[in-house]
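A.B. asks: Please read through the structure below; I'll follow up with questions.
The values are calculated or read from the model by the stated rules, or taken from the named source; none is laboratory data. The structure displayed is predicted, hence computed values, not measured ones. All Cβ positions, even for glycine, are placed from backbone atoms using ideal geometry, and neighbour counts span all protein chains on display. When the accessible area is computed, the model is the full protein with side chains, heavy atoms only, and any ligands, DNA or RNA have been set aside. Shrake-Rupley method; radii C 1.70, N 1.55, O 1.52, S 1.80 Å.
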There are 2 protein chains.
Amino acid sequence: MAVPPIDFAAIEAARLAGVGVVKRTPITESAALSERFGGNIVFKAENLQRTGSFKIRGAMNKLASLGDAVKSGVVAGSAGNHAQAIAFAARHFGVPCEIFVPAGASLSKIEAVRSYGATLSEGGDTLSDAVALAQSRADATGMNFCHPFDDPMVVAGQATLGLELAEDISDLSLVLVPLGGGGLTGGVALVLKQINPKIRIVGVQVRACAPYAGTPPADGPIITLADGIAVKTPGAFTRPIIEQFVDEIVVVEEDLVADAMVFLMDRGKLYVEGGGAVGVSALMSGQIKPATTGTTCVVLSGGNVDLGILPSLIRRHETQAGRRLLMYVRISDRPGGLARLLTLFAEAAANLVEVEHMREGVDLHVRETGVQIVLEVRGREHADTVMSMVRAAGYNADEINAG
Amino acid sequence: MAVPPIDFAAIEAARLAGVGVVKRTPITESAALSERFGGNIVFKAENLQRTGSFKIRGAMNKLASLGDAVKSGVVAGSAGNHAQAIAFAARHFGVPCEIFVPAGASLSKIEAVRSYGATLSEGGDTLSDAVALAQSRADATGMNFCHPFDDPMVVAGQATLGLELAEDISDLSLVLVPLGGGGLTGGVALVLKQINPKIRIVGVQVRACAPYAGTPPADGPIITLADGIAVKTPGAFTRPIIEQFVDEIVVVEEDLVADAMVFLMDRGKLYVEGGGAVGVSALMSGQIKPATTGTTCVVLSGGNVDLGILPSLIRRHETQAGRRLLMYVRISDRPGGLARLLTLFAEAAANLVEVEHMREGVDLHVRETGVQIVLEVRGREHADTVMSMVRAAGYNADEINAG
């Protein structure tokens, strides 16, 4: 094995740099995942980390490593977790902080950065633009530029998470880590492989942006739920670490990112962002099987996601679980016509989600109107019962298959 | 102090009864709550407990305490967490389990109970009905009846959570516990008060059902987000414990239960059910101030809530945060009329949530149509900017104040 680019002394120093700020996040068993996929599966619940992601580990170490120079302040380009971490660390050190934010960054992340007292500036269209602007600003002002991942001090900070895994899980066998720029995956992998080369390390990328898997994305902004790991270009420092220490890189599909987020709430009781949930996606897709001996750890790297995204994820989940019944019904266009139909649904214990009149472009008799109905039902069997009841009551009703 | 009804040996026995099943759930710091309300606030993340709530602690102890008699099987009446816990424990002991479920119980909870192999029966309209039916069934069959809270073995099991708090938080000063039947609050209180009488214990009930606070609910089913603590009648065994060991009982409003659930996801990154979140509600309302010295612990007692409930909670939150703009606009009823308006919104970086034509009962010129628009915006300032842009483009637009 080639000499690793970061030694244990540097990682222990990073741990000290985080004292009082970085939490030792819990390892929680996932009975739900273990029952579904076999093996013994646990989560590293790093979404519960301060600032909502692992990035504070690297940020604290980076600022501490600057020594007196930190007083000139720090500047970074980021759409999210790195920005929050640098802003929080700068406040902790009591130094100025400027963040360049690309267009379309999440509202809640921007608010958090502002709440930590950082100055925000428009940072172009993409993450690369924002990073480049931050670098220019640092060059022009003498402030310290903080790269989101391609920096030994940042990687040493993220590596502290690997140390916690080794210490807290005695029979650790397989680790799944979300892979973006490579700071977290690289740090975790180089620690664990030195402690025990038999521990298997899997990096997980998302289809929309998987340069480490050899499929770089197209130009322009990337649309994905896993925006936290949508990094287009591997780092000059991190790439060789990933190549040396990571056993396998898998790429998960966008739909499975959504499924993993919903699963983590519904069964894991944890609120995890898309980029933080991809390890679960890789188990769901069957691309990675849990270890048959020893513990499999899925690193949930962050929880910073706008609430506004959830309703559509949940609607999709409910539809797939057969909990939505759509139908088109012709009813009498007289007083009480709709009321009578809705009463029937109530009797069938189906919950009304939406009702809309449809009169245009449909074939109707005089004194008749069409309504489109969305109901919440218990499942396919219940949906069939409801349709039967509606037809038995004399309605002309069609189920709409939206799938 | 009167002799407590449960001694430490019984609680240690309960701890042993849970070995291999009950998790020692993590204590997590809540920087977000501490910054907002002061003090040092931590969560006991019992939503991460096996079966999704603290109930497994009491259930394991109850079944263990039955000795050989457990082989006759167990029967319980419950709409949720107790049912899941008893079903899981019965599977662990390899004995038959029957659960009586009241009407309107949550789909995901019922599914979980079924997945553990229990037999489900209709259990009347209310929780009391279901408990009574379970009792009758036990009397008729010789199966073991398992009460959800009014049983010394169940209270001893829940008391193990109190022991963990004492062991894991060295400067524990104040504890907020969701209060339903009194099994959890009673168990936690009697442990902590004996270890250190200065630790202040607050039980939190929800407005819809607060018998311990002297406001019993009306007859019939109770509608509340905090269904897990909607217990109408305190227990004969638990009531004296609550009276002896609990310092204060507060009652929180329904809206604050919703706010607490959203806050816990957004800032705490934890998925917590309404009944599990009421401790946070009590801080939000200002009814309880965090301790000025020592740590305040908020017990998050469970996480079993249907995902289907979230979209409406989140919509409410986004509206209150000023992230929704509703307007009524008259547009040209020619090809491209709506497209031109929507392009304007895109330029204003406002995200379209809903658009609906409104032609009935509104005053329109010929070749004009009305549309009702819902937009996602960044806040009040952004909303004002969007309205100005729309008017500057020559539209007749009115903001709709839905509040």
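A.B. asks: How far is A:E243 from the same spot in each other copy, in nm, shortest first, if each label point sits 7 Å from Cα toward Cβ?
C.D. replies: Nearest first, the other copies' label points are 7.6 nm away.
A.B. asks: Can I ask one more? Just to confirm the numbers: A:Q320, label point 7 angstrom along the Cα-Cβ line, distances to the other copies in nm, shortest first?
C.D. replies: 3.1
A.B. asks: A follow-up question, please. Could you name every residue in the range A:96-119 that has 10 Å² or more less accessible surface in the full protein assembly than in its own chain alone (probe 1.4 Å, ligands and nucleic acids excluded)?
C.D. replies: A:L107, A:S108, A:E111, A:Y116
A.B. asks: Let me ask you something else. Within the accessible area of chain B, what % is carbon and sulfur when the probe is 1.4 Å and the other protein chains stay in place?
C.D. replies: It is 51 percent, rounded to a whole number.
A.B. asks: Rounded to a whole number, what is D in µm²/s for chain B from Stokes-Einstein with the Kirkwood radius over alpha-carbon pairs (25 °C, 0.890 mPa s)?
C.D. replies: Estimated diffusion coefficient is 106 µm²/s.
A.B. asks: Using the reciprocal of the averaged 1/r over all distinct C-alpha pairs, how large is the Kirkwood radius of the range A:90-240 in Å?
C.D. replies: Kirkwood hydrodynamic radius for the range A:90-240: 16.9 Å.
A.B. asks: Let me ask you something else. Around A:L161, under 12 Å between beta carbons, what's the net of Lys plus Arg minus Asp minus Glu among the other residues?
C.D. replies: Here the count lands on +2.
A.B. asks: In Å and on Cα atoms, what radius of gyration and Dmax does the range A:93-165 show?
C.D. replies: Looking at the range A:93-165, its Cα Rg and Dmax stand at 13.7, 41 Å.
A.B. asks: At the nearest 100 Å², what buried accessible area, both sides summed, do you get for B and A when the probe is 1.4 Å? All intermediate terms of the calculation are to be shown ahead of the outcome.
C.D. replies: Values: alone 17580 and 17610 Å², together 32160 Å².
Summing both chains' loss of accessible area gives about 3000 Å².
A.B. asks: Using just the Cα positions, wrap the range B:145-192 in a convex hull and report its mean projected area in square nanometres, one decimal place.
C.D. replies: Numbers: hull surface 12.8 nm².
With the hull built on Cα positions only, its mean projection is 3.2 nm².
A.B. asks: Could you tell me the ratio Rg/Rh of the range A:255-386? Both radii from Cα atoms, Rh via Kirkwood. Don't jump to the answer; show the numbers that get you there.
C.D. replies: On the way: Rg = 20.9 Å, Rh = 17.9 Å.
Result: Rg/Rh = 1.17.
A.B. asks: What are the residues of the range B:248-282 that lose 50 Å² or more of accessible area, with a 1.4 Å probe, going from their chain alone to all protein chains?
C.D. replies: Those residues are B:M265, B:K269, B:Y271.
A.B. asks: Then there's this: Let me spell out the model: positive unit charges on the Cβ of Lys and Arg, negative unit charges on the Cβ of Asp and Glu, origin at the Cα centre of the protein assembly as shown. What dipole size does that give, in debye rounded to 20? Kindly include the intermediate steps, with their values, before the conclusion.
C.D. replies: On the way: 70 positive and 86 negative charges, 183 e Å.
Dipole about the Cα centre, nearest 20: 880 debye.
A.B. asks: Next up: Students often forget the sequence filter, so: which lysines lie under 29 Å Cα-Cα from A:K55 once same-chain residues fewer than 8 apart are removed?
C.D. replies: A:K23, A:K44, A:K71, A:K109, A:K193, A:K198, A:K232, A:K269, A:K289, B:K23, B:K44, B:K269
A.B. asks: Tell me, what are the semi-axes, in whole angstrom and largest first, of the equivalent ellipsoid of the range A:1-115 as set by the roots of 5 times the Cα gyration tensor eigenvalues?
C.D. replies: They are 29, 21, 13 Å, listed from largest to smallest.
A.B. asks: Tally Lys/Arg at +1 and Asp/Glu at -1 over every other residue whose Cβ is under 12 Å from the Cβ of A:Y212; what's the total? List each step's numbers first, then the result.
C.D. replies: Values: positive: A:K232, A:R239; negative: A:E243, A:E248.
Surrounding charge for A:Y212 is 0.
A.B. asks: Follow-up question, since we're still on this one. Using helices alone, I'd like the mean residue ellipticity at 222 nm for chain B: each DSSP H run of four-plus residues gives -39500 (n - 2.57), total over residue count, nearest 500. Write out the running numbers ahead of the final one.
C.D. replies: Details: 14 runs with 163 residues, N = 403.
Mean residue ellipticity, 222 nm, calculated: -12500 deg cm²/dmol.
A.B. asks: Can you give the accessible area per residue of the protein assembly as shown, in Å², using a 1.4 Å probe? Please report the intermediate quantities before stating the final value.
C.D. replies: Numbers: 32160 Å² over 806 residues.
With all protein chains present, the protein assembly as shown gives 40 Å² per residue.
A.B. asks: I'd like the per residue volume of the convex hull spanned by the Cα atoms of the range A:322-403, given in cubic angstrom.
C.D. replies: Spelled out: Cα convex hull of the range A:322-403, divided by residues, is 86 Å³.
A.B. asks: Still on this structure, please answer the following. A:G394 label points, 7 Å along Cα→Cβ, one per copy: pairwise distances from this copy to the rest in nm, shortest first?
C.D. replies: So the label point of A:G394 gives 5.4 nm to the other copies.
A.B. asks: In nm, to one decimal, how far is the modelled label at A:D125 from the one at B:T385, with both set 7 Å along Cα→Cβ?
C.D. replies: Between A:D125 and B:T385, the simple spin-label model gives 2.0 nm.
A.B. asks: Could you give the C-alpha radius of gyration of the protein assembly as shown expressed as a fraction of 2.2 N^0.38 Å, taking N as the number of residues it contains? Walk me through the numbers on the way to the answer.
C.D. replies: Working: Rg = 28.1 Å, N = 806, 2.2 N^0.38 = 28.0 Å.
This ratio for the protein assembly as shown stands at 1.00.
A.B. asks: Here's something else I'd like to know. Does any residue of the range B:297-316 lose at least 30 Å² of accessible area with all protein chains in place compared with its chain alone, and if so which ones (probe 1.4 Å)?
C.D. replies: Correct list: B:L307, B:G308, B:P311, B:I314.
A.B. asks: Right, here's the next one. If we count every other residue with Cβ under 15 angstrom of A:R330's Cβ, Lys/Arg +1 and Asp/Glu -1, where does the sum land?
C.D. replies: -2
A.B. asks: Further question on the same structure: Please list, in order, the residues from the range B:50-94 whose amide nitrogen is less than 18 Å from a point placed 7 Å along the Cα→Cβ vector of B:S136.
C.D. replies: Once the point is set 7 Å along Cα→Cβ of B:S136, B:75-79 turn out to lie under 18 Å by backbone N, inside the range B:50-94.
A.B. asks: Along its principal axes, what span do the Cα atoms of the range B:276-325 show, with the longest given first and each in whole Å?
C.D. replies: Its Cα atoms span 43, 27, 14 Å along the three principal axes.
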